[in-house]
1. Based on this model, can you work out whether ALA257 counts as crowded, with 23+ Cβ neighbours inside 10 Å, more than 28 Å from ASN158 (Cβ to Cβ) and within 13 Å of ligand 1 (Cβ to nearest atom)?
2. Of the conditions (1) buried (at least 24 other Cβ atoms within 10 Å of the Cβ); (2) away from ligand 2 (no atom under 16 Å from the Cβ), GLY134 satisfies every one except a single condition; which number is it?
3. Output the residues belonging to segment 260-281 that are more than 12 Å from ligand 1 (Cβ to nearest atom) and outside any helix (DSSP H, G or I).
4. What is the one condition in (1) aliphatic (A, V, I, L, M); (2) over 25 Å from LYS2 (Cα atoms); (3) crowded, with 24+ Cβ neighbours inside 10 Å that ALA206 does not satisfy?
5. From the list ASP239, ASP230, pick out the single residue that is over 19 Å from PRO69 (Cβ atoms), at pLDDT 95 or above and not in a helix (DSSP H, G or I).
6. Only one of THR360, THR284 is within 16 Å of the chain's Cα centre (by Cα), within 16 Å of ligand 1 (Cβ to nearest atom) and open to solvent by less than 40 Å² (accessible area, probe 1.4 Å); which?
7. Residues THR192, THR120: which one is open to solvent by less than 10 Å² (accessible area, probe 1.4 Å), in the same structural domain as ASP230 (by TED's automatic domain parsing) and among the hydroxyl-bearing types (Ser, Thr, Tyr)?
8. For segment 11-38, what are the residues that are within 19 Å of the chain's Cα centre (by Cα) and either under 21 Å from ILE76 (Cα atoms) or open to solvent by less than 10 Å² (accessible area, probe 1.4 Å) (or both)?
Amino acid sequence: MKAFQANLPVTLDFEAGAIRHMGEKVEPFGKKVFLMVDPFLQGSDLVAQITSSFAEHDIEYLEFYDIVPNPRHTTIDRAVELVREAGCDVVVAVGGGSAIDSAKAVALVAVHGGYCWDYTERLGEVVTRPQSRGLPLLVVPTTSGTGTEATPFAVINNPELGLKCAIVNPFIYPDVALVDPQILVSKPARLTALTAVDTFCHSLEAYISIHCTPWVEMVALESIRLFATDAQRCVEHGDDVEARARMAFASTLGGMAIASAGVTVSHALGQPLGAMTDAPHGGTVAASTPYVIGWTLPVCADKFARVAEILDPSTQSLTEMERAQRLPGILEKLFTTLGVTDTFRSYGLQEHQIDDFAQTVWTSFNQDLACHPKKITSKEEVADIIRMCF
Ligand SMILES: NC(=O)c1ccc[n+]([C@@H]2O[C@H](COP(=O)([O-])OP(=O)(O)OC[C@H]3O[C@@H](n4cnc5c(N)ncnc54)[C@H](O)[C@@H]3O)[C@@H](O)[C@H]2O)c1
Ligand SMILES: [Fe+2]
């Protein structure tokens with residue numbers, strides 16, 4: 001068996017109603033919270049429950065709601081100033097991947113100083129890579145998609161440069177993630193679908209990554225199995241707490257899988273497309289996945305066959321190669337059923353932008369390309385893949 005290491009430095013607290021214990025969870029970490037809340041929750045009961053739980057434990061807090069999807073580096077720098085001025089000693093984030101990634105960056109930059117953008121990975125640039133933790137961080141995901149509660153990544157957008165890049169640092173994991181399926185029941189169907197396909201793509205990409213290990217394989221395949229049984233259910237019956245819990249678990253597992261094995265080509269293309277078009281992350285990743293599978297098939301047929309069988313058990317009687325060849329079609333059908341049908345073109349990418357797009361992928365997401373099982377050796381090759389997905 002391939003040798004491997006597995007490390008999950010975040011305490012996961014999975015429980016319906018978990019957020020009621022927020023004050024108790026924060027107490028060991030600090031006395032003054034910088035509370036970063038996704039703006040869709042402003043004025044909600046959920047925030048009231050969290051803040052009253054702080055009050056019960058004599059914990060002060062400063063609220064911050066200025067978060068947008070594809071989070072901006074400037075917002076994070078502003079938040080860091082507020083944290084320092086107010087003397088906050090712990091960060092709590094409640095929201096989607098954008099809110100949690102913002103909080104991961106704020107917690108790190110508040111301790112280590114400088115500007116957020118300088119912490120992001122960019123080929124050939126000087127990158128700030130702290131060797132110790134930031135402020136303590138507790139997070140509550142309100143989407144089941146990114147799995148960011150269990151990853152060492154924070155994806156940050158720089159609209160001035162038209163770039164979206166990631167902080168990749170083992171000291172950025174949250175200390176505690178409260179995953180509370182009860183708060184997911186009101187998540188709109190469209191967002192449920194977009195975030196579910198993101199989870200699927202994480203697990204698939206980690207599974208096919210050259211860094212996949214027996215640990216990643218177990219985690220990723222279980223995530224894919226839960227996606228297969230529960231994604232559609234969550235879209236159609238959002239109030240099914242059990243289905244929400246299983247999809248939340250799938251999402252966290254997907255995060256754990258990419259934390260160990262990284263993502264591959266679909267994310268390398270999807271992240272900058274999100275920066276260029278402000279399109280939703282799950283959609284940008286799903287748009288290329290069936291094509292990328294087709295292109296990768298010769299080197300990964302066994303793994304694609306296994307995924308095809310999980311998603312469509314009727315393929316069991318086929319040969320391995322036949323099952324693998326079915327996967328792009330199975331996914332196109334599944335994504336269509338979930339209502340995730342956008343393409344690079346429909347997100348507004350134009351043909352004359354392909355070379356610039358390929359350049360960005362090459363320099364900003366080279367680490368992801370390097371995880372792909374089929375070698376990519378130049379930005380011209382990236383441009384060819386983008387053309388294929390067009
Ligand atoms: N750090 C990682 O490991 C990692 C992994 C994958 C993706 N990402 C990043 O995460 C971001 C995407 O996060 P996301 O897909 O969770 O979406 P998001 O956080 O960008 O949220 C999308 C929209 O949904 C709203 N929203 C969130 N939860 C809601 C709910 N329960 N009900 C109603 N509205 C809700 C938000 O206010 C926002 O308007 C991207 O920037 C992506 O690059 C990070
Ligand atoms: Fe993702």
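1. In short, no.
2. For GLY134, the exception is condition (1).
3. If the condition is that a residue be more than 12 Å from ligand 1 (Cβ to nearest atom) and outside any helix (DSSP H, G or I), then THR264 is the only one that fits.
4. The one condition ALA206 does not meet is (2).
5. Within the list ASP239, ASP230, the selection yields ASP239.
6. After ruling out the rest, the residue left standing is THR284.
7. Unique residue meeting the criteria: THR192.
8. Across segment 11-38, the qualifying residues are MET36, VAL37, ASP38.
The values are calculated or read from the model by the stated rules, or taken from the named source; none is laboratory data. In this text, all values refer to a predicted model and were calculated from it rather than measured experimentally. Positions of Cβ are backbone-derived with ideal geometry, glycine not excepted, and every protein chain shown enters the neighbour counts. With ligands, DNA and RNA removed, areas are computed over all heavy atoms of the protein, side chains included. Shrake-Rupley method; radii C 1.70, N 1.55, O 1.52, S 1.80 Å.
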